[in-house]
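Below is one structure, written out as structure tokens, with a few remarks after it.
Please treat every number below as a calculation from the coordinates, not as lab data. Worth saying up front: this structure is predicted, and the values here are computed from it rather than measured. Note that we place each Cβ from the backbone using ideal geometry, even for glycine, and neighbour counts take in every protein chain shown.
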Amino acid sequence: MILKITIIFIALALVLCHAQEDDNSTLLEERQVPGDNPCNCYFKESCGCICSRPISWAQFQILPQNFQPCRSFTLALRGGQFHSFPADYFYRVGHVQDFVLDVGSVSFQYLNDPDGESSPYNGVTFDVSAYLRMYQVSVGRRWNWGALYWLAPTSANAYCEIQVVQSTVPVLSVDFGRICQGMVTVVNVLSSGLYALENRVFAPFTKLTELDLSNNRIQDMRRSYFSYPAKDLKIINLS
């Protein structure tokens, strides 16, 4: 009798175990972007979503359901037409060591939600690095960089690098200096139609080491663009 009861309990345990695995599998499937899914979202020590083809506005809006804290977070977008990154878009990312945003061939009206009461990066902090790359990105109305202030470093050793290539950036406004609360070491804005810089645009970047504005229409650099002295700035390229 005792042997039969033991066997029954073991069988029930195996059934429950398999059921739990099925539930977890279903949960992950539900967290993927529905339909013809060009996005691969992964959940390990590193996490994030890699979208290899254009996605719709609806797919873009539900992508954050797949975000979570991990050691290194990455969001890569390849194509799409969106209004902006909505308020609290990256909120679920929370605290990470490294944050990567890699956007290519995307059109926005605004880079970040101009009307939201909260930044898309609200609640996101990083210990080591943040890397922001925009390739062939067009923004119809305004590159409102200021919302990136809330992509926040946790220490004086953390740093942020920015690369904008073949995008439509006619002017770098003073709110560009708010990115990552000024903890920016590298700025590359290349082949993007840039013709004007606002005064003090780079002034908050006291740790800036490299500035490359090549293949634009910027002819010279003024001291008023920078913090003074810009003692760490080693590379300036305008060619």
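Rounded to the nearest 20 debye, the dipole size of the range 137-239 about its Cα centre is 220 debye, using +1 on the Cβ of Lys and Arg and -1 on the Cβ of Asp and Glu. In this structure, the amide hydrogen of LEU190, modeled 1.01 Å from its nitrogen in the peptide plane, lies closer than 5 angstrom to those of VAL164, VAL165, GLN166, counting only residues at least 5 positions away or on a different chain. Each of TRP150, TRP57 was scored by other Cβ atoms within 10 Å of its Cβ. Listed from fewest to most, they are TRP57, TRP150. Projected label points at ALA196 and ASP115, each 7 Å from Cα along the beta carbon direction, are separated by 2.7 nanometres.
Restricting to Cα pairs below 8 Å that are 6+ residues apart, what does the relative contact order work out to for the range 30-145? Please round to a whole percent. Relative CO of the range 30-145 lands at 23 percent. Taking amide H as placed 1.01 Å from N in the peptide plane, the amide H of CYS160 sits under 5 Å from that of ALA130, VAL184, THR185, VAL186, each at least 5 places away or on another chain. The amide H of GLY48, built 1.01 Å from its N in the peptide plane, has TYR42, THR74 as neighbours under 5 Å, considering only residues 5 or more places off or on other chains. Footprinting exposure proxy ranking of ASP232, ASP88, ASP115, fewest other C-beta atoms within 10 angstrom first, gives ASP115, ASP232, ASP88.
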